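Below: one structure, written as structure tokens.
Coordinate-derived values only; no laboratory data. Bear in mind the structure is a predicted one, so any value in this text is a computation, not a measurement. In this analysis, Cβ positions are derived from the backbone assuming ideal geometry, glycine residues included, and neighbour counts consider all displayed protein chains.
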Amino acid sequence: QAILAQVIRLACSVGRVAEADSLMSLQPPSFRQTHSAMAAATEAAEEHPTWVFSEEVLKWARQSARDSAVKALCAAASDGCAAEQRMSGLSISKEPSKYPDAEQARRLVLFYAQKLPELCGLCGAPSEVRWTAIVFYRRFFAVRSPLEYDPMPAMFAAVHLACKVEEAHEITLDKLLGAADFAGDGAMRTKVASLELPLLEAIGFALLVEPKPDAALKALAEDLQQLLQQQLGAGAGDNAGEGDTRRQSGADGAGEVGNQDAEASPPLASRGAAAAQAASELLEEASLGEVLREAEDLLLRLSVRTDAVLRHP
């Protein structure tokens, strides 16, 4: 705890945190009572440094985080710790069955995940900040429970940290809170600021989020264009070969009905070349930007409505 206090003071001295005294009085339970218990949930991230989980491991990580949070809350209720009640804003019960299960907690996290892009839009955050914030938020609640950390301040903390990582220095914490009508709310500001250290700890200080969707989608579009051009070239060669064959067949006295059928029905290679040509025209510069924007929007919706950003397969 003394080391943590020194870290907070150091962060305050370089302008990272404004309320050092408030932070030390509002340290989340994971720094005092549940630090060792939360290690079980963090093992999932340590075993998967790329933060890509199988379905079973992701369920286990969330269940472990939920169990650790419930254990800490029940212990706080047994000890009569009013400070934890004021900090969490919850009515603490001694019965584990009274708390939401892991699936209910997941739905709560997803609800605020869908609000995160809207928050980024309100404060004018660029696309790279939006994507990094989503990844931070989803990774955080893969190994931490919303029973212990309120998802709404965590959403603000994820965006604030993403602005620092992506060097969007013009978006300060005050501007972020003001964009969401929390200007002048000292309690909310303190909650968001106090979540930065738990957020960093939970994601293992893995601050580099690459590749970004826009860069990855552009690279994919370029590969598709090259593939389509290759198919167009191959289709043109096949059409020339089939034309020579039909002419030679007619010269050799092939049946007139057969020739008429061949001419009436376009060859398979010709139809494939036509489809490739249509797809190539779709990926021309005029429409490529629109295609990429729609693809990025689809990827964004998947990342906040499903576990796609955390799962493989």
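Between the residues A125, A113, A168, the greatest Cα displacement towards the positive end of the dipole of the stretch 110-187, with unit charges on the Cβ of Lys, Arg, Asp and Glu, is found for A113.
Measuring between alpha carbons in the structure, the pairs from K175/K212; K191/K212; K98/K212; K115/K164; K115/K212 lying more than 31 angstrom apart are K98/K212.
Near D214, once Lys and Arg are set to +1 and Asp and Glu to -1 for all other residues with Cβ below 14 Å from its Cβ, the sum equals -4.
Give, as a single signed number, the net charge of other residues whose beta carbon lies under 13 Å from the beta carbon of R106, with Lys and Arg counted +1 and Asp and Glu -1. Charge balance near R106 sits at +4. With the cut-off at 1.5 for a/c, could you classify the stretch 114-187 from its C-alpha gyration tensor as rounded, prolate or oblate? In terms of gyration-tensor shape, oblate. Loop-located chymotrypsin sites (Phe, Trp or Tyr not before Pro) in the stretch 133-219 (DSSP state not H, G, I, E or B) with no more than 11 neighbouring Cβ atoms inside 10 Å: F205.
For F53, nonlocal amide neighbours, meaning residues 5 or more places apart or on other chains whose placed amide H falls under 5 Å from its own, are R311, H312.
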